[in-house]
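Heads up, the thing below is written out as structure tokens.
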Amino acid sequence: MSAASLFNAYVTTAAVSASFELGLLDEVARQDKLDLDQFAADRGLFTPALNAVVTTLADAGVLRVSETEPVVLAGGPAFDDIWANKGYFLWLVGGYGEMLSRVAGLTTEATRAAADPWHRDGGAIARAGKDYGKHFVDPIVDRLLGERDFAFLADLGCGSANRIIRLATAYPDRRFLGIERDSGAIAVARKAVEDAGLADRVTIIQDDIQRLADRPECAEVDTLMSFFLGHDFWPRDACLRTLDGVRRAFPNAKGFLLSDTYASPRQSNGEKPIFTLGFEVTHALMGQYIPTASEWCDLFEESSWQLTGRTELDIAYSEVFHLAPAPSNR
């Protein structure tokens, strides 16, 4: 890849993220012809900036624009692929963009000693996860939970709460608990629950899964799930302690669907799948170890949970580990 291609790809990535946040991609998906002046007026947008985003996406084949008027005619040849994957772009640019702009500094010990050197945007990460989860995770989760009998489900690391809101709507006779550490994601989640009118059956609490406080509602939970949080529990000994702590905090949980993205092979040929490189680089910058799938399976052998099954997700190097309480004599 040439230097120009790399440089232009960086700008295009920012434009995709912006177009997602502005609702531009969704509007193009809904209608054949979009008046950009009207779109800008309706949303209070600065037209020259909007036009720069649109031109960038047109050059990348994402949009088709009129040459004579400020109109998006339709999606271009790359539109469907970008639209399905747009959440990853927000995750990278909105969630980790500031961190990636400071890579050089994050390689120095002095910078890393600061109280909060990472500067992640938890709200953007939660919104991004909601979008790519809708395409690549939720259909599989729906199938797995449809095969289970549960009354009270807890989502550990619930992010925007989109998943449990959707499930609460689908299962009006069930209760749900969302636990999240990040204050930005908590704000997004609580507002979403209120807006959905589900506050009577969906509770969102702020807590650290690695140091769960004793809560009476946890004893009522019979099913657990957690998505893309497990790697934060590592290194290995810390992860074992966390899983054992979760087992104690939820003594009546009969099952645990633990999903995560694991390390890709050290040697690979050709281009990495979308998300993989960004996931591994950002976590390396934070000093966060990413285990392999085999390391996860070995760990379960020593934990208070036993592995009963595995289901691949439509995200590279990601799957759901089906866990059940391990025999007490193990």
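The values are calculated or read from the model by the stated rules, or taken from the named source; none is laboratory data. Everything quoted here is computed from the prediction, not taken from an experiment. Methodologically, a virtual Cβ is constructed for each residue, glycine included, from the backbone with ideal geometry; neighbour enumeration extends over all protein chains shown. The protein model used for the area step is the full one, side chains on, heavy atoms only, and it has no ligands, DNA or RNA in it. Shrake-Rupley method; radii C 1.70, N 1.55, O 1.52, S 1.80 Å.
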* Asked: So what does Met286 come to for accessible area, using a 1.4 Å probe and Å² rounded to 10?
  -> 30 Å²
* To do: Using only Cα atoms, tell me the angle between helix 276-285 and the longest principal axis of the chain; keep it within 0 to 90° and round to the nearest 10.
  => 70 degrees
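Could you tell me the calculated FRET efficiency between Phe7 and Glu27, based on Cβ-Cβ distance and R0 = 41 angstrom, to the nearest 0.05? Intermediate values should be presented prior to the final figure.
Details: r = 28 Å, r/R0 = 0.69.
Efficiency computed from Cβ-Cβ geometry: 0.90.
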* **Between region 236-253 and region 163-187, the Cα center-to-center distance that results, in Å** => 21 Å
* Excluding residues fewer than 8 places away in the same chain, name every one of the lysines whose C-alpha is closer than 25 Å to that of Lys130. => Lys86, Lys191, Lys272
* Any chance you could give the angle, 0 to 90 degrees and rounded to 10, that helix 236-249 forms with the longest Cα principal axis of the chain? => 70 degrees
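Before I look further, what does region 157-224 give for accessible area per residue, probe 1.4 Å, in whole square angstrom? Walk me through the numbers on the way to the answer.
Numbers: 3190 Å² over 68 residues.
Here the residues of region 157-224 average 47 Å² of exposed surface.
Summarise the accessible area of region 113-258 (1.4 Å probe, protein heavy atoms) by the percent that is carbon and sulfur. The partial results should precede the final answer.
On the way: 3100 of 6370 Å².
Percent of accessible area from carbon and sulfur atoms in region 113-258: 49.
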* Asked: About the Cα centre of region 9-127, what is the dipole size in debye to 20, counting +1 per Lys and Arg Cβ and -1 per Asp and Glu Cβ, all else neutral?
  -> 380 debye
* **Low-density loop positions, GluC sites (Glu not before Pro), region 107-202 - DSSP coil, at most 12 other Cβ in 10 Å** => Glu147
* Ordered by residue, what ³J(HN,Hα) values in Hz, to whole numbers, does region 175-180 give under the Karplus form 6.51 cos²θ - 1.76 cosθ + 1.60, where θ = phi - 60° and Gly and Pro are x? -> 10, 9, 10, x, 10, 8
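What shape does region 256-330 have by the C-alpha gyration tensor, where a ≥ b ≥ c are the square roots of the eigenvalues, rounded means a/c under 1.5, and otherwise prolate means a/b greater than b/c and oblate the rest? Could the numbers behind the result be given before it?
On the way: a/c = 2.61, a/b = 1.97, b/c = 1.33.
Since a/c reaches 1.5 and a/b is larger than b/c, the shape of region 256-330 is classed as prolate.
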* To do: Calculate the tail of P(r) for region 19-172: the fraction of all Cα-Cα distances greater than 19 Å, expressed in %.
  => 65 percent
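Which of the GluC sites (Glu not before Pro) across region 202-311 are loop residues per DSSP, with 15 or fewer other Cβ within 10 Å? Working shown, then result.
On the way: sites: Glu217, Glu220, Glu271, Glu280, Glu295, Glu301, Glu302; in loops: Glu271, Glu301, Glu302.
Loop-located and lightly packed - Glu271, Glu301, Glu302.
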* Using 0.36 nm per residue, how much length does the chain from Gln288 to Ala238 gain when fully extended, once their Cα-Cα distance is taken away? -> 16.8 nm
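What accessible area per residue, rounded to a whole number of Å², is obtained for region 1-119 using a probe radius of 1.4 Å? Could you put the intermediate results ahead of the total?
Details: 6520 Å² over 119 residues.
Each residue of region 1-119 exposes 55 Å² on average to a 1.4 Å probe.
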* Asked: Where does the chain land on Rg/Rh, using Cα atoms and the Kirkwood Rh?
  -> 0.99
* Can you tell me the 0 to 90 degree angle between the C-alpha axis of helix 122-136 and the longest principal axis of the chain, rounded to 10? => 90 degrees
